[in-house]
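Accompanying notes for the structure given below.
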Amino acid sequence: MATETLHNANVTAPGGFSPEDVQSITRALNPLLADVYALYIKTKNFHWHMNGPHFRDYHLMLDEHADQIFGIGDDIAERVRKIGGTTLHSIGEISNVKRISDNDKAFVAADEMLSELEADNRAFADNLRAAHETTSAANDYATTSLIETWIDQAERRAWFLYETTR
Ligand SMILES: [Fe+2]
């Protein structure tokens, strides 16, 4: 199965991690990578389909958020490769392991878009915290440090989305 393949780590671990740690870190990071691309495209979806009197502000804010989210993806995938794991290959694999739900509705009101993205960014931060437990336990300092930055970024996006809607 494709999903199983994603969780299999190479036997050689160039980062010096044990096979067990390579596997646990890979299992923590690949779903995060899928979430990044799912959240990226959803943020772009709402950027493209924004509506209402605050169109310009919201449209621009979501573009900033999308750029920041997209910037995380390559770092996650390359951390997996640096420690000797296998990362995602395709949109199909992203779809199999992502935890951010799609929203394909023809119309979504602006406030609903912002609230949904706030919840998604908070869920993403929670998933980052869970991955942080794994990378900390494995003494993967580099990934752990990156995750801390990504948590702050996700909390900042959630903060902006929250304050914009209340
Ligand atoms: Fe655009």
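Descriptive notes on the structure:
- Shape parameters for the range 13-58, alpha-carbon atoms, Rg then Dmax in Å: 18.2, 55
- Computed over the range 91-166, the ratio Rg/Rh where both radii use C-alpha atoms and Rh is Kirkwood: 1.06
- Length, then width, then depth: along the principal axes, the Cα atoms of the chain run 56, 30, 19 Å.
- Of the residues Asn139, Gly15, Trp159, the one whose Cα sits farthest towards the positive end of the charge dipole of the chain is Gly15 (charges of +1 on Lys and Arg Cβ, -1 on Asp and Glu Cβ, taken about the Cα centre).
- Between Arg99 and Asp35, the built amide H atoms are under 5 Å apart, and every one of these is 5 or more places off in sequence or on another chain.
- Debye log10 I(q)/I(0) for the range 44-136, one point scatterer per Cα, at q = 0.15, 0.26 Å⁻¹: -0.73, -1.49
- Inter-part distance where the range 59-82 and the range 92-134 are each reduced to a Cα centre, Å: 14 Å
Where a number appears in this text, it was derived from the coordinates with a stated rule and is not lab data. Note that this is a predicted model, so its numbers are computed, not measured. Neighbour counts are summed over all protein chains in view; Cβ atoms, including those assigned to glycine, are modelled from backbone coordinates with ideal geometry.
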